[in-house]
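The values are calculated or read from the model by the stated rules, or taken from the named source; none is laboratory data. None of the values given here were measured: they were computed from a predicted structure. Note that each Cβ is placed from the backbone with ideal geometry, even for glycine, and that neighbours are counted across all protein chains shown. Heavy atoms of the whole protein, side chains included, go into the accessibility calculation; ligands, DNA and RNA do not. Shrake-Rupley method; radii C 1.70, N 1.55, O 1.52, S 1.80 Å.
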Amino acid sequence: MLLEVIAKDLKDIQTINNSKANRIEFCRELKVGGLTPKEKDIVEACQISKLPVNVIVRNTDRDFIYSDEEKEEMLEQVKFIAKTKANGIVIGALTKDLKVDVEFIKKVNEIKKDLEITFHKAFDEVCDFKEAYSTLNDLGITNVLTSGGKDIEKGIDVLKELIGMNLETKVLVGGGVNQNNFNQIKSISNDIHVGSCVRQDMSWDKWAKAEEINKLLEN
């Protein structure tokens, strides 16, 4: 099983490295779903982490439908991250009809070098989950981060259906995973992403706790 944990700063990076987690998603402004960290923090996080670090590329919490200028900014960030020791990027974009923005992802693929790509929670707003998942698989995306829709409790059947398609792109289940449903999620997926449930008081304002991360893996 692979457990990915969100880090909001360098202190989190160090804490998660001292836990039994397998990978880190690095972002800031967690209350709005995560935004791209500062360049200097990206560089340092990837230098000090022994665990693979995937860096989010997202500059607004408005929506996942981006202007040409916003896309250009994201592409420049991908180019920068590709020069660091990062393992991958966490990125996503939709068209106005809520389908995967294929042309944009193709541009990302052209410049990402060896970076892995996780298509982020924009996926939970697509109009057709199976179609979008197949599209991302055809694009060579490494992971798709999803809770099977906007509510993980209602998305279990969707998650099972996607995982049952047995495509190369991994279904990384995240968004609403907590201590109460972790075992249920673990029973359907080998790849799990957690955030607030391993923080003090389950608050985005607090730091991650290694003991809370490890506790999940002990069950």
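Among 62, 28, 199, the sequence by solvent-accessible area, most first, with a 1.4 Å probe is 62, 28, 199. Structure note, pairs 40/215; 96/186; 11/85: Cα-Cα distances above 23 angstrom occur for 40/215; 96/186. The spacing between the stretch 152-204 and the stretch 1-77, judged by their C-alpha centroids, is 19 Å. Shown for the stretch 146-219: the carbon plus sulfur share of the solvent-accessible area, taken with all protein chains present and a 1.4 angstrom probe, equals 43%. Placing dummy labels 7 Å off each Cα toward the beta-carbon, the span from residue 190 to residue 102 is 2.9 nm.
Potential lengthening of the chain between residue 161 and residue 125 amounts to 11.3 nm, from the contour at 0.36 nm per residue minus the alpha-carbon distance.
Taking label points 7 Å from Cα along the Cα-to-Cβ direction, residue 151 and residue 211 give a separation of 3.4 nm. In the chain, the convex hull through the Cα atoms has an average projected area of 10.8 nm², a quarter of its surface area.
For residue 58, the residues whose amide H sits under 5 Å from its own are 36, ignoring neighbours fewer than 5 places away on the same chain, with H placed 1.01 Å from N.
Taking every protein chain into account, the accessible area of the chain amounts to 48 square angstrom per residue (probe 1.4 Å).
Of all beta bridges that DSSP places with both ends in the stretch 1-117, some 15 percent have antiparallel geometry. The stretch between residue 50 and residue 134, if pulled fully straight at 0.36 nm per residue, gains 27.0 nm over its current Cα-Cα span.
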